[in-house]
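Before any comments, here is the structure.
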Amino acid sequence: MSKLLEKINNDLKEARREKNELVVSVLRLLISAIHNKEIFLRKGERAELADEQIIEVIKSEIKKRKDSIEAYTQGGRPDLAEKEKKEKAMLEKYLPAQINDEDLKKIVKEIIEAQVEEDRKNFGKIMGLVMGRLKDQVDGQRVSAVVKNFLGK
């Protein structure tokens with residue numbers, strides 16, 4: 001069992017002991033999503049996800065919460081939007097530490113300067129290189145905003 005999944009299971013046990021219904025609900029849904037991903041990847045034998053794959057599942061669950069927050073906010077349901085925000089914050093605890101804006105800007109600048117002249121304005125190429133280098137340490141929307149700022153878009 002991966003260390004991340006083990007941590008999630010231990011947190012679920014702790015939340016059950018504390019009778020924290022919201023945490024129990026969120027972690028059960030997360031474990032279920034991880035299990036579903038394992039089933040999807042299974043080819044006859046048992047598949048066990050690595051931490052990187054579990055992080056992808058967590059990111060997917062966070063994205064669902066972001067979409068729900070936006071929909072509930074537009075629909076005039078701040079109570080449900082607030083619940084989704086709490087769930088999103090709980091899930092974000094399981095992601096690796098995020099890079100700060102200053103370091104992100106330095107890395108983007110380095111990558112742009114390392115490109116040949118005709119590739120320096122290629123947004124897609126720059127995005128791919130930055131995301132490949134930082135992978136789980138940064139949200140794609142943050143990278144997009146910084147790259148657009150550097151490219152003057």
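Which one, L12, I55, G140, is farthest towards the positive end of the dipole of the chain when Lys and Arg carry +1 and Asp and Glu -1 on their Cβ? Of the candidates, L12 comes out farthest on the positive side.
Taking the alpha-carbon centroid of each part, what is the distance from the range 23-43 to the range 99-119 in angstrom? Measuring centre to centre over Cα atoms gives 36 Å.
Calculated mean residue ellipticity, 222 nm, the chain: -25000 deg cm²/dmol, from DSSP H runs (n ≥ 4) at -39500 (n - 2.57) each, averaged per residue and rounded to 500. The length gained on full extension between L22 and E82, counted as 0.36 nm times the residue separation minus their Cα-Cα distance, comes to 20.4 nm.
Basic side chains Lys and Arg get +1 at the Cβ, acidic Asp and Glu get -1 at the Cβ, and with that the dipole of the chain about its Cα centre reaches some 280 debye. Site pair E6 and R42 shows an inter-label distance of 2.3 nm when each label is modelled 7 Å from Cα along Cα→Cβ.
Rounded to the nearest 20 debye, the dipole magnitude of the range 101-151 is 100 debye, with +1 charges on Lys and Arg beta carbons, -1 on Asp and Glu beta carbons, and the Cα centre as origin.
Contour minus end-to-end for A71 and E113, with contour as 0.36 nm per residue of separation and end-to-end as the Cα-Cα distance?
Gain on stretching A71 to E113: 11.2 nm.
Of the listed values (1) 16.9, 59; (2) 15.3, 53; (3) 18.7, 59, grab the one calculated as Rg and Dmax of the Cα atoms in Å from the structure here. Step by step, Rg and Dmax of the Cα atoms in Å for this structure corresponds to label (3).
Just check the range 3-92 against the gyration tensor rule for me: Cα atoms, a ≥ b ≥ c as the square roots of the eigenvalues, rounded for a/c under 1.5, and otherwise prolate or oblate depending on whether a/b exceeds b/c. Oblate.
A quarter of the convex hull surface defined by the alpha-carbon atoms of the range 7-50 gives 3.2 nm² as the mean projection.
Every number here is computed from the coordinates shown, using simple stated rules; none is lab data. None of the values given here were measured: they were computed from a predicted structure. So basically every Cβ, Gly included, is an ideal-geometry build from the backbone, and we count neighbours across all protein chains shown.
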